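Below you'll find the structure, written out as structure tokens, and then a few comments.
The values are calculated or read from the model by the stated rules, or taken from the named source; none is laboratory data. None of these values were measured; they are calculated from a predicted model. Glycine gets a Cβ as well: all are built from the backbone with ideal geometry, and neighbour counts include every protein chain shown.
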Amino acid sequence: MQNIKVRRNWKNFNISYCPRDSYGGYFRFIFNIQIMKQLLTLLFIALFSISAIAQLTTVPKQDIPEEYGYIVKQGQQMPEIEFKLTNGTTIKTSDLTGKVVMLQFTASWCSVCRKEMPHIEKEIWLKNKNNKDFALYGIDMDEPIDKVKKFETKMKITYPLALDPKAKIFYTFAAKGAGVTRNVIIGKDGKIAYMTRLFKEDEFNEMKQVIELLLKS
């Protein structure tokens with residue numbers, strides 16, 4: 001029966017078994033580990049490639065559930081709206097012509113909004129803020145400017161927030177009594193391209209792809 005030495009490399013937390021009379025088994029073991037590492041690397045590359053291939057090539061047709069509470073439809077022209085940012089700048093629909101626009105409806109008391117906003121900041125705004133063809137506005141639902149500014153500071157967001165007295169803009173897109181957390185994406189043609197409700201990871205990720213697709217068109 002062969003004597004076995006157990007060699008321990010605590011730094012890499014590997015255990016090797018080496019026959020005393022021959023190192024052949026040891027080297028075969030190490031060689032097999034290297035092969036496994038290469039196979040795992042190839043598998044990762046393959047999965048990454050499949051993910052890249054799965055990127056959207058067209059804006060998906062949405063069947064918006066009734067419980068989402070929208071009163072606008074995909075493909076509809078963006079309604080005429082006007083709002084004022086916390087810095088005093090006034091924005092009109094006509095100012096957004098030819099841009100991909102994201103309207104994020106929010107409120108300081110909305111826990112789901114608070115969960116979603118850091119993702120919007122990091123994954124959408126910081127990525128696209130220097131693109132002249134992109135615009136993003138958070139539309140705060142019926143709160144005074146001092147509260148909206150505090151909300152803006154507390155959330156550590158850098159994309160602009162707008163005031164929506166009496167939720168006039170919100171109710172241009174959604175029904176009375178509908179929940180606040182939602183995003184509306186408008187294409188360069190001024191038509192509604194995509195809409196979300198709450199913060200669902202799959203829907204949010206698809207929305208990001210829609211934005212990228214629209215910016216390329």
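Residues in segment 152-200 that are free of Cβ contacts under 8 Å to residues at least 60 places away in the same chain, within 16 Å of residue 91 (Cβ to Cβ) and in contact with a helix residue (DSSP H, G or I) (Cβ under 9 Å, 6 or more places away or on another chain): 159 alone.
If you check 212, 203 for being of a type in the set (Asp, Glu) and out of contact with any strand residue (DSSP E or B) (no Cβ under 9 Å at 6 or more places or on another chain), only one passes: 212.
Scanning segment 125-141 for residues that are out of contact with any Phe, Trp or Tyr (no Cβ under 8 Å at 6 or more places or on another chain), surrounded by 15 or more Cβ atoms within 10 Å (Cβ to Cβ) and not small (Gly, Ala, Ser) yields a single hit, 134. Just to check your reading of the model, which residue among 187, 179 is under 14 Å from residue 59 (Cβ atoms) and not hydroxyl-bearing (Ser, Thr, Tyr)? After applying the criteria, what remains is 187. Among the residues here, residue 73 does not qualify as outside the structural domain of residue 141 (by TED's automatic domain parsing) and loosely packed, with under 12 Cβ neighbours inside 10 Å.
Checking the structure you have, find out if any residue of segment 101-108 is small (Gly, Ala, Ser) and touching a helix residue (DSSP H, G or I) at 6+ places or on another chain (Cβ under 9 Å). Yes, segment 101-108 has at least one match.
How about segment 77-102: which of its residues are surrounded by 14 or more Cβ atoms within 10 Å (Cβ to Cβ) and more than 24 Å from residue 142 (Cα to Cα)? Scanning segment 77-102 gives 99, 100. Remark: pairs (first residue in segment 201-217, without any contact (Cβ under 8 Å) to a residue 40 or more places away in the chain and under 18 Å from residue 113 (Cα atoms); second residue among the aromatic types (Phe, Trp, Tyr) and crowded, with 17+ Cβ neighbours inside 10 Å; Cβ separation under 7 Å; 6+ apart in sequence or on different chains) = 207/194.
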